[in-house]
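Accompanying notes for the structure given below.
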Amino acid sequence: MTPPSTAFWDPLHLLSNTALHVFGLRLKSYETASAAWFDDIGLGLQVWHGKFEQLEADWLRWCDKEGQLIPLGEERAEQERMRAEQEKTRTTQAEQRANQISSRGVETRWLVRVHA
């Protein structure tokens, strides 16, 4: 079976000045593709400079159709940690507001929050 697309990652630039080479199958041979997008899997490839496993370098990363990087495991964990921290902050603020209202003699169990 011949894959419809293939990519070569050449970070040391041994083949050319370009690190990422993408080819698409056209008729019975591969031709250089203008973009690193793979319709068959709904993902693209993108060169990303950053730190991965304690090494800062250029890396090849998956991305969506809009070019947004697919988060790495540690990035997803950090996003979840931030989401949990924001939720904790919202809960603490709500408890503080409820305590302020209670201190004024209003029973908070009768209050209803309306989402806009």
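The values are calculated or read from the model by the stated rules, or taken from the named source; none is laboratory data. Small disclaimer: the values here were computed from a predicted structure and weren't measured. Don't worry about glycine lacking a Cβ; one is built from the backbone with ideal geometry, like all the others, and counts go over all protein chains shown.
Which one is farthest from the chain's Cα centre (by Cα), of the residues in segment 41-63 that are exposed (fewer than 14 other Cβ atoms within 10 Å of the Cβ) and under 19 Å from residue 4 (Cβ atoms)?
If we take residues in segment 41-63 being exposed (fewer than 14 other Cβ atoms within 10 Å of the Cβ) and under 19 Å from residue 4 (Cβ atoms), then 41 is farthest from the chain's Cα centre (by Cα).
What's the number of the only condition in (1) without any contact (Cβ under 8 Å) to a residue 40 or more places away in the chain; (2) surrounded by 13 or more Cβ atoms within 10 Å (Cβ to Cβ); (3) within 30 Å of residue 2 (Cβ to Cβ) that residue 66 fails to meet?
(2)
From the list 74, 95, 56, 85, which one is at pLDDT 90 or above and part of a helix (DSSP H, G or I)?
So the residue among 74, 95, 56, 85 that is at pLDDT 90 or above and part of a helix (DSSP H, G or I) is 85.
Filter segment 8-20 down to the residues that are surrounded by 15 or more Cβ atoms within 10 Å (Cβ to Cβ) and either outside the structural domain of residue 48 (by TED's automatic domain parsing) or part of a loop (DSSP other than H, G, I, E, B) (or both) and list them by number.
19
Just wondering, is there one or more residues in segment 31-44 that are over 28 Å from residue 73 (Cα atoms) and among the small types (Gly, Ala, Ser)?
Looking through segment 31-44, at least one residue is over 28 Å from residue 73 (Cα atoms) and among the small types (Gly, Ala, Ser).
How many of the residues making up segment 21-34 are surrounded by fewer than 10 Cβ atoms within 10 Å (Cβ to Cβ) and under 22 Å from residue 68 (Cβ atoms)?
Total meeting the criteria: 1.
It is to be established whether one or more residues within segment 107-115 are assigned to a loop (DSSP other than H, G, I, E, B), surrounded by 10 or more Cβ atoms within 10 Å (Cβ to Cβ) and either of a type outside the set (S, T, N, Q) or modelled with pLDDT under 90 (or both).
Yes.
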